[in-house]
Amino acid sequence: MDKVVLATLGCKVNQYETELIREQLEESGFNPVSFGEKAGLYIINTCSVTEKAAQKSIELIKKARNRSSLLVVTGCYAEAEKDRLKKMFPWIDLVVENKEKSNIGNIINGNGKNHQEKETYIGNFNAHNRAFVKVEDGCNQFCTYCIIPYVRGKEIRSRSLSEVLREMENLAEQGFKEIVLTGINLGLYGTDLNPQVKLANLLKKTECLEEKIRIRLSSLEPHLLSVELIDFMAQSSWICPHLHLPLQSGDAEILKRMGRRYTLEEYRRLLRKVREKIPSVAITSDVMVGFPGEEESNFSNTYRFLQEMKFSRLHIFRFSPRKGTRAYSIKPRIEEKVKKERSKLLRDLGNKLSQDFASQFLGKTLTVLAEDQPDTESGLRFGYTENYIPVLFKGKEELKNKLIRIRLTEIKEGKVLGKVEELLQ
Ligand code: SF4
């Protein structure tokens, strides 16, 4: 049996797509092995969302050299820098565009048949106990810093309701307890379908799934979060009360320069509405520091806004200029040293906000999905609550991949500890 190594960088959509390729290759007899091993085929699914991700992509490609007889590179970095890649690394055998990515298995197998001609479902997710289901591709929003619409395409491509539901059913039958719905711009799901559907319609349809499974939404653009969706989440017991709503900046001027489609006041009102309807909701967010022209005063505005919004978790990114985007030519650029200092301040704030959020639930019993692996530092078992609080608890190996009712007991050195009360399934 031929061996294959699949390496992925970047977002959940990329991870999902690697799984799709893995499944096609396994079907045709390939055996996935770990990165570094000699294999007949290496596939690197790259990312270019930041300069760091692009650098990591290059490092992986270099490391993969001479480890396989066929090296295939795909993903957003490959798409953005196709010519450069071919020049830098002429020994890459094949660069596959994003729109052909789902067809890689067939290209390798030499039948050239478009994978989307037949419906395919992801049946298994290696190394995760939570499965991702990609429902949409493409983004037409063109935020000024973002390379994604150029490398993923501006046309929205959504999968039909029936196809998505079948894939979810299949994953639930395989024993997955949580599905994360993902897309390049998830909030635009269904806008290209005929008749049009909305993300809220898809969520409502999941009610008919035979196997009960909990569903989490990945990132949603704030201006695309509808009242209908909030209302449905509020009354549903299987949609996790967790929304990831990227803010990017808490300064009105920078937000405008980023080309984001909401004002701070609209964002503030949205969070108020969500919290009124779903009191236990976790709201997580992405923030970018060091956008060109971000002065101390702009940064302070962001800091204060984040404090006010009381996010339960923050992902902090440093701006990195992506060639081809509008922000590439916006000046003045901010020094790396300043960006690092600002990210550190926001990371510290993020940690404090996470603890504040978790402390509201001390003494309460929440449902945790236990991960496969214990926490490496403490050796305790580990899992996330429905509202995305990471919890450590004592328990046997049998608890892994189970939904468990756990009472949150204390926060120690920044970690939330809990006690198992009941095993659900
Ligand atoms: S919404 Fe903006 S940040 Fe998100 S993928 Fe589209 S362009 Fe990029």
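The values are calculated or read from the model by the stated rules, or taken from the named source; none is laboratory data. Model, not experiment: these values are computed from the prediction. Note that each Cβ is placed from the backbone with ideal geometry, even for glycine, and that neighbours are counted across all protein chains shown.
What the table below lists for this structure:
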read-out	value
Some residue of region 248-271 being assigned to a strand (DSSP E or B) and within 13 Å of Pro222 (Cα to Cα)	yes
All positions within region 205-239 that are under 16 Å from Val133 (Cα atoms), surrounded by 17 or more Cβ atoms within 10 Å (Cβ to Cβ) and either within 16 Å of the ligand (Cβ to nearest atom) or charged (D, E, K, R) (or both)	Arg214, Arg216, Leu217, Ser218, Ser219, Leu220
Complete set of residues in region 188-202 that are within 16 Å of the ligand (Cβ to nearest atom) and either of a type in the set (Asp, Glu) or not in a loop (DSSP other than H, G, I, E, B) (or both)	Leu188, Asp192, Leu199
All positions within region 156-187 that are at pLDDT 95 or above and either part of a loop (DSSP other than H, G, I, E, B) or within 8 Å of the ligand (Cβ to nearest atom) (or both)	Ile156, Arg159, Ser160, Asn185
Any hit, region 44-67, residues being of a type in the set (D, E, K, R) and under 22 Å from Val135 (Cβ atoms)	no
Val287 vs. criteria closer than 20 Å to Asn185 by Cβ, assigned by TED's automatic domain parsing to the domain that holds Met168, of a type in the set (Val, Ile, Thr) and within 13 Å of the ligand (Cβ to nearest atom)	yes
Unique residue being touching a residue at least 12 places away in the same chain (Cβ under 8 Å) and buried (at least 19 other Cβ atoms within 10 Å of the Cβ) when the list is Val281, Val197	Val281
Subset of region 211-237 (residues that are closer than 24 Å to Cys139 by Cα and among the acidic types (Asp, Glu))	Glu221, Glu228
All positions within region 227-247 that are more than 20 Å from the chain's Cα centre (by Cα) and outside any helix (DSSP H, G or I)	Ser236, Ser237
Among residues of region 129-154, those that are within 13 Å of the ligand (Cβ to nearest atom) and part of a loop (DSSP other than H, G, I, E, B), counted	12
Residues located in region 244-266, provided they are more than 15 Å from the ligand (Cβ to nearest atom) and buried (at least 22 other Cβ atoms within 10 Å of the Cβ)	Gly250, Asp251
In region 354-407, the residues that are surrounded by 17 or more Cβ atoms within 10 Å (Cβ to Cβ) and of a type in the set (Gly, Ala, Ser)	Ser354, Ala358, Ala370, Gly383, Gly395
Count - residues of region 56-69 that are surrounded by 14 or more Cβ atoms within 10 Å (Cβ to Cβ) and either modelled with pLDDT of 90 or more or not in a strand (DSSP E or B) (or both)	8
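A quick yes/no check of all residues on (1) at pLDDT below 95; (2) among the polar types (S, T, N, Q); (3) within 22 Å of Ile411 (Cα to Cα); (4) in contact with a strand residue (DSSP E or B) (Cβ under 6 Å, 6 or more places away or on another chain):
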{"residue": "Thr302", "(1), (2), (3), (4)": "no, yes, no, no"}
{"residue": "Ile316", "(1), (2), (3), (4)": "yes, no, no, yes"}
{"residue": "Phe319", "(1), (2), (3), (4)": "yes, no, no, yes"}
{"residue": "Arg322", "(1), (2), (3), (4)": "yes, no, no, no"}
{"residue": "Glu336", "(1), (2), (3), (4)": "yes, no, no, no"}
{"residue": "Arg347", "(1), (2), (3), (4)": "no, no, yes, yes"}
{"residue": "Gly363", "(1), (2), (3), (4)": "no, no, yes, no"}
{"residue": "Leu366", "(1), (2), (3), (4)": "no, no, yes, yes"}
